[in-house]
1. Taking Thr49, is it over 30 Å from Ala254 (Cβ atoms), in contact with a strand residue (DSSP E or B) (Cβ under 7 Å, 6 or more places away or on another chain) and surrounded by fewer than 18 Cβ atoms within 10 Å (Cβ to Cβ)?
2. Which of the residues spanning region 158-203 are modelled with pLDDT under 75 and under 17 Å from Ile223 (Cα atoms)?
3. For region 331-343, enumerate the residues that are touching a Ser or Thr at 6+ places or on another chain (Cβ under 6 Å) and either of a type in the set (A, V, I, L, M) or in a loop (DSSP other than H, G, I, E, B) (or both).
4. For region 312-337, give me each residue that is without any contact (Cβ under 8 Å) to a residue 24 or more places away in the chain and not hydrophobic (A, V, I, L, M, F, W, C).
5. Pull up region 191-210, narrow it to residues that are surrounded by 17 or more Cβ atoms within 10 Å (Cβ to Cβ) and in contact with a Ser or Thr (Cβ under 7 Å, 6 or more places away or on another chain), then point me to the one that is farthest from Ala351 (Cα to Cα).
6. Which numbered condition trips up Leu253, out of (1) touching a residue at least 60 places away in the same chain (Cβ under 8 Å); (2) in a loop (DSSP other than H, G, I, E, B); (3) over 27 Å from Lys358 (Cβ atoms)?
7. Mind counting the residues in region 224-245 that are under 23 Å from Thr347 (Cβ atoms) and either in contact with a helix residue (DSSP H, G or I) (Cβ under 6 Å, 6 or more places away or on another chain) or small (Gly, Ala, Ser) (or both)?
Amino acid sequence: MTLKYLIQKEFTQIRRNAFLPKLIVVFPIMIMCVMPWVMNMEVKNIKVTVVDNDRSSLSQQLVHSIEASNYFIFKGQQPTYQAALGEIEKSRADVVMVIPQHYSRDVTLGNQPQVLIAANAVNGTKGSMGSAYLTQIVTARVNPDVTAMQSRVSTLFLYNKNLNFKLFMIPALFAIVMMLMTGFLPALNIVGEKEAGTIEQINVTPVSKWSFILAKLIPYWIIAMFVITVCLLLAWAVYGITSAGPLLLIYLLALLLALFWSSFGLMISNYSDTMQQAIFVMWFFVVMMLLLSGLFTPTRSMPSWAYATTYVNPMSYFVDAIRTVFIRGGGLSEIWHQVLALLGIGTIMGAWAILSYKKNS
């Protein structure tokens, strides 16, 4: 019965806060409605300028092919390579293509003219992808046999047939929303009561540490279930994207991630004396776990020492499991090791949160 009244106290505090109820509702809505449009790793709108030293009908056909591409923004032609390079230095172009003299003659004779492609590689991804797109266009014009060969090759895209990047990012956004809602709010909970002085009223009662911490955790688990429901509904209503796997597994993964983050937040709150201290410590771990989780980039691309951190990073297990269920339609047999890892890490963190709370009675 003591636990019941403590949970009621937590919900009463949340309800009486003028900001938190609005945040819990508005935050997942904003993340799901805005972020899938902007968190897009596809490389488009590459600004291209051309130096045509041949000025033949074939070279102009090559230029028109670039203009017609959906990946490029044609920024016109320059008289010399130096002038085109100046456009890159002024950020007016991303890639320069130089068509050599006698380009039309060499193509007609069956030779391979050397077309120069110079890319601004400050943004390595944009530079490499832009060069690859241009190389494909140039190769198709110079060697039609390659295009004919490519037309005989059929590609089957599994799980994401339309290559819709939103389908890839929406499960990742679940992870971000869960992390921020069930991590930062508990981190500010106990330290907020310390600053207000209300924690002393609990410390002089016979309430046990585990009852007190459990009463702090349960409301955020319920909030996590509400948040994940809102995210799933918005994914279906706004983008027409639904889970290919069982929804029960998505809720199970969300609950296990909420167990870790709420426990982790309360643990930081136990060791912090001010809200500012709790926020900075929490932000440090959030950024590290987020960037090392494989949410944005493949974990196998990391150095071996960085990849080793994924074995203790619950975000890595969650992102891998949620994408397996949501995109591929995987079942429990395919994610059981991620489930066990999340359960183990969450249990350890929950025990740490209970043991680290210092109750002076």
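1. In short, no.
2. none
3. Matches in region 331-343: Ile335 only.
4. First pass over region 312-337, keeping only residues without any contact (Cβ under 8 Å) to a residue 24 or more places away in the chain: 333-334, 336-337.
Those that are without any contact (Cβ under 8 Å) to a residue 24 or more places away in the chain and not hydrophobic (A, V, I, L, M, F, W, C): Ser333, Glu334, His337.
5. Val191
6. With respect to (1) touching a residue at least 60 places away in the same chain (Cβ under 8 Å); (2) in a loop (DSSP other than H, G, I, E, B); (3) over 27 Å from Lys358 (Cβ atoms), Leu253 is out only on (2).
7. 3
For (1) free of Cβ contacts under 8 Å to residues at least 12 places away in the same chain; (2) buried (at least 19 other Cβ atoms within 10 Å of the Cβ); (3) among the polar types (S, T, N, Q), each residue gets a yes or a no:
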{"residue": "Asn40", "(1), (2), (3)": "no, no, yes"}
{"residue": "Asn45", "(1), (2), (3)": "no, no, yes"}
{"residue": "Asn53", "(1), (2), (3)": "no, no, yes"}
{"residue": "Lys90", "(1), (2), (3)": "yes, no, no"}
{"residue": "Pro100", "(1), (2), (3)": "no, no, no"}
{"residue": "Leu116", "(1), (2), (3)": "no, no, no"}
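The values are calculated or read from the model by the stated rules, or taken from the named source; none is laboratory data. Please read all numbers here as calculations on a predicted model, not as lab measurements. Every residue, glycine among them, receives a Cβ derived from its backbone with ideal geometry; neighbour counts consider all protein chains shown.
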